[in-house]
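Scroll down for the structure; my scribbles are underneath it.
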Number of protein chains: 4
Amino acid sequence: MKPVCLVIGAGAGIGGNAGRRFAQEGYHTVLCRRSNEDGLRGTVKTIEEDGGKASGFLLNAVDAGSIEDRISAVETDIGPIEVLVFNLGAQTGNLSLEATTLKAFELGWRLATFSLFRAAAMLCPLMAERGKGTILVTASTAAMRGNPEQHSHASAMAGRRMLCQSLNAEYAARGVHIVHILVDGLVDAPDTLGKILGPERFQELRERQGLEHDGLLLPERVADTFFHLSQQHRSAWTHEIDLRPYSETPWWNS
Amino acid sequence: MKPVCLVIGAGAGIGGNAGRRFAQEGYHTVLCRRSNEDGLRGTVKTIEEDGGKASGFLLNAVDAGSIEDRISAVETDIGPIEVLVFNLGAQTGNLSLEATTLKAFELGWRLATFSLFRAAAMLCPLMAERGKGTILVTASTAAMRGNPEQHSHASAMAGRRMLCQSLNAEYAARGVHIVHILVDGLVDAPDTLGKILGPERFQELRERQGLEHDGLLLPERVADTFFHLSQQHRSAWTHEIDLRPYSETPWWNS
Amino acid sequence: MKPVCLVIGAGAGIGGNAGRRFAQEGYHTVLCRRSNEDGLRGTVKTIEEDGGKASGFLLNAVDAGSIEDRISAVETDIGPIEVLVFNLGAQTGNLSLEATTLKAFELGWRLATFSLFRAAAMLCPLMAERGKGTILVTASTAAMRGNPEQHSHASAMAGRRMLCQSLNAEYAARGVHIVHILVDGLVDAPDTLGKILGPERFQELRERQGLEHDGLLLPERVADTFFHLSQQHRSAWTHEIDLRPYSETPWWNS
Amino acid sequence: MKPVCLVIGAGAGIGGNAGRRFAQEGYHTVLCRRSNEDGLRGTVKTIEEDGGKASGFLLNAVDAGSIEDRISAVETDIGPIEVLVFNLGAQTGNLSLEATTLKAFELGWRLATFSLFRAAAMLCPLMAERGKGTILVTASTAAMRGNPEQHSHASAMAGRRMLCQSLNAEYAARGVHIVHILVDGLVDAPDTLGKILGPERFQELRERQGLEHDGLLLPERVADTFFHLSQQHRSAWTHEIDLRPYSETPWWNS
C-alpha cells in the first residue's frame, strides 16, 4: 500500500505541485481544495497520466468538522496519512483597520490558525501512535512582521507559526515532524496570484519578473524543497526554513 | 478635565497598579475587570484615598460588544481616552494537544488577539482623529516561542504581537503609539499567580524568590515603565520592550 | 559623593545628551569622545552652567588599553562608575564587498564589538562586586538584519547585541543591568548625521522631517528613555528595547 | 571538468561528510582542515575509493592570506569553485567574562566572522561574474542568543549570521546563494564533540542518545540537506534553515 500524502489547499500553485511531486515519489496523493471541481479533477488526472495515484475532494476548511471528517475518511478509505501538506492561504487582501470587520478578522484566524489546529489535533496523535509523520506548513511573511492593512492576516499567520512551534515541542520527540516553510515572495500560481491580479496583469508580471527571469517562486521548485523536508532523517530535522526567488529582497530588508 | 486612562484587565497585579500609577500622575483611571466586584471597588477606593480619580466596571471582554460599549460609554461619560492599558491575560494553564478542546483553543484567541483587535478598532480611529493616544499591551513569552501544552496561548499571544505591529504600521504616523510589553517572568500578583498556585504555595514562592529577593516582577515597578512609555516623546517611541526580574533567565535562554 | 556616569561616545547627539541628563539627575558625568576637544569642553561647560558636574576626556577607543585606562582612572580619581553609556558608533558608510578592505571590516568590529567587550571586561566585575551597575548600549538596526554594503557594520553590530545577551546572562543576577537600545531611525545630531550629510543637506532634512515634525530622533528625548532604563527597579529590568520616531517605518517593514 | 566543491573545516563531522556527499554527486571536492594530515588523507582516500574525486590541504584559516591563497590555487589548479562549504567552528569552550582574554575574544571573531568575510571577499565576485555559486555556512545556536561564558562565541557567530544576510543582500540577485544553516544540537562527530568529551564520555553519550536513538545529528544526514540546498532552483532559494535531532529541544525552548 502506498503511503498517503494529504494536501489541504491544493490549487494550481504550491499545493497542487507538491501533491504531484509526492505522487511521483510513490505517495497516494489526496488533494483537497475549496472550489473549482474542474481544476481539482484536472490535477488528479494529470497525476494519473504521470502514472501516479491521486484522489480529489472539495473541502471548505472553515466548515465545522470538515477537516476532521476528511482526515477520518482518508485514514479509513485510503490509508494512514504520512504527510500532510497544509497549504491553506489566509490572505484576504489589504484592508485598513476601519475596513476590517469583526467577521473578516475572525475569518483570517479560522483559515490560518484554527484550521491548522483542527488538522493537527486529528493527525498528531495518530502520527505519534505510528511514530512517524510529517506536517509541512506553508507560511508567509506576515508570520514574521505586521504590515499596514494586514491586521487579520499578520496576526493569524503569526498564530500559525507559534502553533507549529508548540506542536513540535509536544510531538517532535514522538516522531512527528512539523515544518514551518516561509514562502517569502510571489508565487507563479494562476489560482492565487493570477486571481488577485487578473489574467492580463498576471501575464505582464510573469513576462517582466517570472518565466525565464525566475523572479517568481516556481511552485514545482518549491515542491522540491517540500519533498526534501519530508524525507529528512530524524537525526537532522528542520523546524523553520524560508524560500524566496534569488532576485527577491527578503522580508527583513523590505 | 483629566485625561482618561482605561485599563482592561485591572486585577491586583499589573493592571491595577498601572491604573493607580496613572491616577497618581493626574489621569482619571477607568478600571475594568471580569469579576470580583469587591476587588474592583477596593482598587477604586485606594486610588481615591490617594487623592486620585477612578471609576470601575465589571467587563467580560469576550462578550460581543462589551469592550466596544465600555469604550463608547467612557468616551461619552468620562472623557476622551488618552491611554489604554490592555492587560487581558489569556493563560488558561497547560493543556496537551489532545486535552485542548476547540472551544478552549478559540477562547485563548478571543482573549489574547480578538479582544485587542476589537478595542483597537474602536480606539485607534478616535485617537488618530485627536492625533494622540497610547495603547500599552501586556505581552508574554508565549508571543515569542511555542511551548508544549501551550497551543492556544502561544498562537494567540503571537497573534497579539503581530497585531500590535500592524496597528503601529497603520497608526503610529497618525499619532497613535502602540507598545508591546513583554513581561518575561512571574508577577507578584495575588489575582493571577496567587490563584494559579493557591495561597500557600504563592506565599512560599514569594518568600523564596520574591519580597526582598525581587525575583518576581513587582507590579508597581512594572507600572513605572508602563507610565514612562506612555510619556515618550513622539520623536523617540518604543514599539517593543521586555521586562524581567534581574535574577530571571530570559526566554531565549530558558 | 555623586554617583558616576561614564559616557563613551559623547558627541553632540545621544551621548552628549545622555550625559547632560544624568548630570541633571545628580550624577558626575564623565564624557569621552575621540576628537573635537572644543566640542567636548563645550558640553562639559553646558553641564556645569546647568549646575551639574562633568569631566571630559579625549579617548580613542580602538587604541589598546585606552578604555581600560580611562575606566581605571575614573574609578580612582572620580568614583565608582554606576552607569556606563556605551554610545560608540561603528557606521563607516556604505561599502560594497569589493570595496571593503580587511582593515575596514576589522575596524567595524573593533569599534562595535571589541570595545564593548573591553569596557565590560573591566566594569562588570567591579559592578558585580558592588552588586549594582548599569550598562546602556546604543544599538542600531544593523544588529537585526544585514544590508547590502553593510558587511562590517551589520556583523559588528550583531556581535554587539549577542555580547549584551551574554553579559546579561552572566551578570544580571549579580546586579549588573545591560540594556541593548536599538535606535531605529535617524538622529538629529550635528556630529554624526550632520557630518555624513554636510551642513546644507542636514539642515534641509531637519526642515523637511525633523524640527517641529519630530521625524528625526531628538537626542534629548532619547536620553529620557536611557535615564528611565538606568533607574528601573531590579524586579523589572529591560534587556532589549527599540526607539524610533512615530513617523518612521520600523526596520522589519523597511 | 567536474564542478568544484571547496570545504573549509573538513574534519570527520559535517565538513568531511558534506565533502563526501558532493563527491558522490560528481563534484571534485577540495578538503581543507587545520591539522591532522592523516585524517585528511583518510577522507580523500575514502572518497577516491567511492569512485569520487578529492584533494586535501592543511589550512590554518586565521593565518593572513591562507584562505585567499587556497582559493586562488584551487581556482587555477583545479577549477572554478561552484560550492563553498564553510564549516569552520569557533567554539572555544566555556569561559567566564573574567577568564576571556582579549586574545581569546578576538580569536573567536577571527574564526567565525572574519574568515568567512575573507572567503566571501574572494569568492563572491568570482561567482557573481560566473552568475552562479553557493556558499553553505554552518552556524550554531550562539548566532541566535547569548549565553553565559559564551561572550566570544555568541558575538562572533551572530556576526557570521549578519554577514550572511549582508552577502545575500548584495550577491543573491547576481546568482550567488548564501545559506545560513543553524545546526542546533550535538553532532555525532569524533573530531569535535569526541575531542571535547574524550573517547569514553563520547561513546557513552552515543550509546545513550546517539546511534539507533538518532538523538545526535548524524553528519551524513546533515550533508543531505547541505546538498539539497546547493541544488535549489534559483526561483526558490533558502537563506536560513535550522537542523536538529527530532528529540532535541530547539534553542528557543532551552
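The values are calculated or read from the model by the stated rules, or taken from the named source; none is laboratory data. As the structure is a computational prediction, the values presented were derived from the model and not from experiment. Heads up, the Cβs are rebuilt from the backbone with ideal geometry, glycines too, and the neighbour counts pull from every protein chain shown.
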### Message
I'm trying to understand the selection: among the residues of segment D:218-254, which are in a loop (DSSP other than H, G, I, E, B), more than 24 Å from A:GLU248 (Cβ to Cβ) and either more than 7 Å from chain A (Cβ to nearest Cβ) or touching a helix residue (DSSP H, G or I) at 6+ places or on another chain (Cβ under 6 Å) (or both)?
### Response
D:TYR246, D:SER247, D:GLU248, D:THR249, D:SER254
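This table checks each residue for (1) hydroxyl-bearing (Ser, Thr, Tyr); (2) over 21 Å from the mean Cα position of the chain (by Cα).
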residue: A:PRO199; (1), (2): no, yes
residue: A:GLU204; (1), (2): no, yes
residue: A:PRO219; (1), (2): no, no
residue: A:THR225; (1), (2): yes, no
### Selection count where residues are out of contact with any strand residue (DSSP E or B) (no Cβ under 8 Å at 6 or more places or on another chain) and without any contact (Cβ under 8 Å) to a residue 40 or more places away in the chain, scope segment D:219-251
6
### Query
Do we have any residue at all in segment B:41-52 that's closer than 21 Å to B:ALA156 by Cβ and in contact with a Lys or Arg (Cβ under 9 Å, 6 or more places away or on another chain)?
no
### Message
under 19 Å from the mean Cα position of the chain (by Cα) and within 30 Å of C:GLU129 (Cβ to Cβ): which single residue out of D:THR92, D:THR29 fits that description?
### Response
D:THR92
#### Entry: Counted residues, segment B:119-140 - those being surrounded by 21 or more Cβ atoms within 10 Å (Cβ to Cβ) and within 11 Å of chain A (Cβ to nearest Cβ)
3
## Note on the structure
Only one of (1) within 11 Å of chain A (Cβ to nearest Cβ); (2) over 22 Å from B:ALA223 (Cβ atoms) does not apply to B:GLY175, and that is (1)
### Task
Answer yes if at least one residue in segment A:226-235 is under 24 Å from D:GLY175 (Cβ atoms) and in contact with a Ser or Thr (Cβ under 8 Å, 6 or more places away or on another chain), and no otherwise.
yes
## Note on the structure
The residue from B:LEU95, B:LEU84, B:LEU107 that alone is more than 9 Å from chain A (Cβ to nearest Cβ) and buried (at least 21 other Cβ atoms within 10 Å of the Cβ) is B:LEU84
### Task
With respect to C:ALA12, determine if the residue is under 20 Å from C:HIS228 (Cβ atoms) and outside any strand (DSSP E or B).
no
### Query
Is there a residue being among the charged types (D, E, K, R) and in contact with a strand residue (DSSP E or B) (Cβ under 9 Å, 6 or more places away or on another chain) anywhere in segment B:194-209?
no
### Query
On the given criteria, is A:CYS5 in contact with a Phe, Trp or Tyr (Cβ under 9 Å, 6 or more places away or on another chain), outside any helix (DSSP H, G or I) and within 30 Å of A:GLU149 (Cβ to Cβ)?
no
### Message
Residue pairs, Cβ under 7 Å, 6 or more apart or interchain, first in segment D:193-206 and more than 20 Å from D:ASN94 (Cα to Cα), second outside any helix (DSSP H, G or I). List them.
### Response
D:ARG206/D:ASP188; D:ARG206/D:LEU216
### Query
D:LEU116: within 11 Å of another protein chain (Cβ to nearest Cβ), under 13 Å from the mean Cα position of the chain (by Cα), closer than 24 Å to C:HIS153 by Cβ and crowded, with 21+ Cβ neighbours inside 10 Å, yes or no?
yes
### Task
Evaluate segment B:173-183: report whether one residue or more is modelled with pLDDT of 95 or more and either basic (Lys, Arg) or part of a helix (DSSP H, G or I) (or both).
yes
## Note on the structure
Looking across segment C:5-63 at residues that are under 24 Å from C:GLY108 (Cα atoms) and among the basic types (Lys, Arg), the single one that is surrounded by the fewest Cβ atoms within 10 Å (Cβ to Cβ) is C:ARG34
### Counted residues, segment C:1-25 - those being over 16 Å from C:GLU49 (Cβ atoms) and free of Cβ contacts under 8 Å to residues at least 40 places away in the same chain
0
### Message
I want to confirm something. Restricting to segment B:211-254 and keeping residues that are modelled with pLDDT of 95 or more and of a type in the set (Gly, Ala, Ser), which single residue is surrounded by the fewest Cβ atoms within 10 Å (Cβ to Cβ)?
### Response
B:SER247
### So A:THR101, is it β-branched (Val, Ile, Thr) and at pLDDT below 95
no
#### Entry: Matching residues, segment B:143-159, being within 7 Å of chain A (Cβ to nearest Cβ) and either polar (S, T, N, Q) or crowded, with 24+ Cβ neighbours inside 10 Å (or both)
B:GLY146, B:ASN147, B:GLN150, B:HIS151, B:ALA154, B:SER155, B:ALA156, B:ALA158, B:GLY159
### Task
Evaluate segment B:182-194: report whether one residue or more is at the interface with chain A (Cβ under 10 Å from one of its Cβ atoms), of a type in the set (Gly, Ala, Ser) and more than 14 Å from the chain's Cα centre (by Cα).
no
